[in-house]
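Undergrad: Can you keep this structure in mind? I'll have questions shortly.
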Amino acid sequence: MFRCAECGVVACDTGDAASYPRDCPSLEPDRDEVLGLYGEDENGKLAHNAALVEAHGYCRLTRIEEIVDFAARCGFTRLGLAFCIGLQREARVVSRILRARGLEVDSVVCKNAALPKEELGLTDDDKVTPGAFEGMCNPIGQARALRRAGTELNLILGLCVGHDSLFMRHSAAPVTVLAVKDRVLGHNPLAAVYLADSYYHDRLYPAEPGDRGI
């Protein structure tokens with residue numbers, strides 16, 4: 001079991017191999033095999049340019065500026081934008097920014113194909129608005145549409161939990177996240193983490209053993 005989140009040594013950040021804890025993933029026997037994967041063309045290009053973006057933009061460039069920089073360094077000119085219908089206004093601004101930087105943008109909304117939620121076996125009671133048509137989110141359709149468009153890098157903007165997983169699984173191009181969805185916290189999910197020991201404590205930690213507490 002790996003517990004990097006609780007590690008008090010963090011020797012991997014200093015390269016001090018002698019201080020690796022017993023359960024450190026740095027000690028895994030496939031280390032050389034993993035390193036070899038970075039020698040493969042696509043992996044190597046992404047890793048190399050990601051490191052350059054970090055080095056030259058750290059604490060200086062915003063996320064969207066980093067994406068533009070990364071695309072330029074990788075030679076990507078056609079980007080895909082998979083977005084939530086509730087963030088269409090933001091998607092429009094993002095598309096405008098990317099095009100202003102000389103990039104082509106194909107954008108596909110989550111509700112594409114207008115597939116009814118009943119196709120997933122949901123009942124009327126499972127809808128946000130019972131009694132009305134509700135199209136299901138179609139992240140696989142988003143991924144396939146962007147594949148047809150020939151995008152070279154796909155961006156996620158506010159897809160639901162789980163739908164983003166499906167999109168990443170089916171995307172033909174590499175995927176990066178511009179923003180995640182959290183309507184309660186203004187799409188800033190870390191706010192709950194920062195308040196986990198205060199305001200959100202009782203909502204996030206189980207009150208009793210076996211109780212999810214949410």
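The values are calculated or read from the model by the stated rules, or taken from the named source; none is laboratory data. From a predicted model like this one, the values you see are computed outputs, not experimental measurements. With ideal geometry, Cβ positions are generated from the backbone for all residues, glycine too; neighbour counts draw on all protein chains shown. Calculation scope for accessible area: heavy atoms of the full protein, side chains included, ligands and nucleic acids excluded. Shrake-Rupley method; radii C 1.70, N 1.55, O 1.52, S 1.80 Å.
Undergrad: Which of the trypsin sites (Lys or Arg not before Pro) across the stretch 51-85 are loop residues per DSSP, with 16 or fewer other Cβ within 10 Å? Can you show the working numbers first?
TA: On the way: sites: 60, 63, 73, 78; in loops: 60.
When the trypsin sites (Lys or Arg not before Pro) of the stretch 51-85 are filtered for loop state and at most 16 Cβ neighbours within 10 Å, 60 remain.
Undergrad: Which FRET efficiency, nearest 0.05, do residue 122 and residue 31 yield, Cβ-Cβ r, R0 35 Å? List each step's numbers first, then the result.
TA: Working: r = 45 Å, r/R0 = 1.29.
The formula returns an efficiency of 0.20 here.
Undergrad: Quick check for you: with a 1.4 Å probe and neighbouring chains kept, what is the accessible area per residue of the chain, in Å²? Before the final figure, lay out each step's value.
TA: Working: 14070 Å² over 214 residues.
That works out to 66 Å² per residue.
Undergrad: Could you check how much of the accessible area of the stretch 41-151 is carbon and sulfur, as a whole percent, using a 1.4 Å probe? Don't skip to the answer; put the middle values down first.
TA: Details: 3360 of 6430 Å².
Heavy-atom surface of the stretch 41-151 belonging to carbon and sulfur, 1.4 Å probe: 52 percent.
Undergrad: Stokes-Einstein D for the stretch 49-112 at 10 °C, 1.306 mPa s, Kirkwood Rh over Cα pairs, in µm²/s?
TA: 127 µm²/s
Undergrad: In nm, give the distance between the simple-model label positions of residue 194 and residue 9, each being 7 Å from the Cα along the Cα-to-Cβ direction.
TA: The modelled label-to-label distance comes out at 3.2 nm.
Undergrad: For the stretch 110-120, just list the computed ³J(HN,Hα) in residue order, Karplus coefficients 6.51, -1.76 and 1.60, θ = phi - 60°, integers in Hz, with x standing in for Gly and Pro.
TA: Listing the rounded values in order: 5, 8, 3, 6, 6, 7, x, 4, 4, 5, 8 Hz.
Undergrad: Let me ask another. Can you list the residues, at least 5 places off or on another chain, whose amide H is less than 5 Å from the amide H of residue 181, using H built in the peptide plane?
TA: Amide H neighbours of residue 181, under 5 Å, 5+ apart: 158, 159.
Undergrad: Hey, got a sec? Which trypsin sites (Lys or Arg not before Pro) in the stretch 143-214 land in a DSSP loop and have at most 12 other Cβ atoms within 10 Å? Spell out each step's value before the answer.
TA: Working: sites: 144, 147, 148, 169, 181, 183, 203, 212; in loops: 181, 212.
Passing both the DSSP loop test and the Cβ count: 212.
Undergrad: Quick one: if the Förster radius is 30 Å, what FRET efficiency do residue 59 and residue 115 give, using the C-beta to C-beta distance and rounding to 0.05? Spell out each step's value before the answer.
TA: Values: r = 43 Å, r/R0 = 1.42.
For R0 = 30 Å, the calculated efficiency reads 0.10.
Undergrad: While we're looking at this one, here's another question. Taking the Cβ-Cβ separation of residue 77 and residue 52 as r and a Förster radius of 22 Å, what is the calculated FRET efficiency to the nearest 0.05? Walk me through the numbers before you get to the answer.
TA: Numbers: r = 18 Å, r/R0 = 0.82.
It comes to 0.75.
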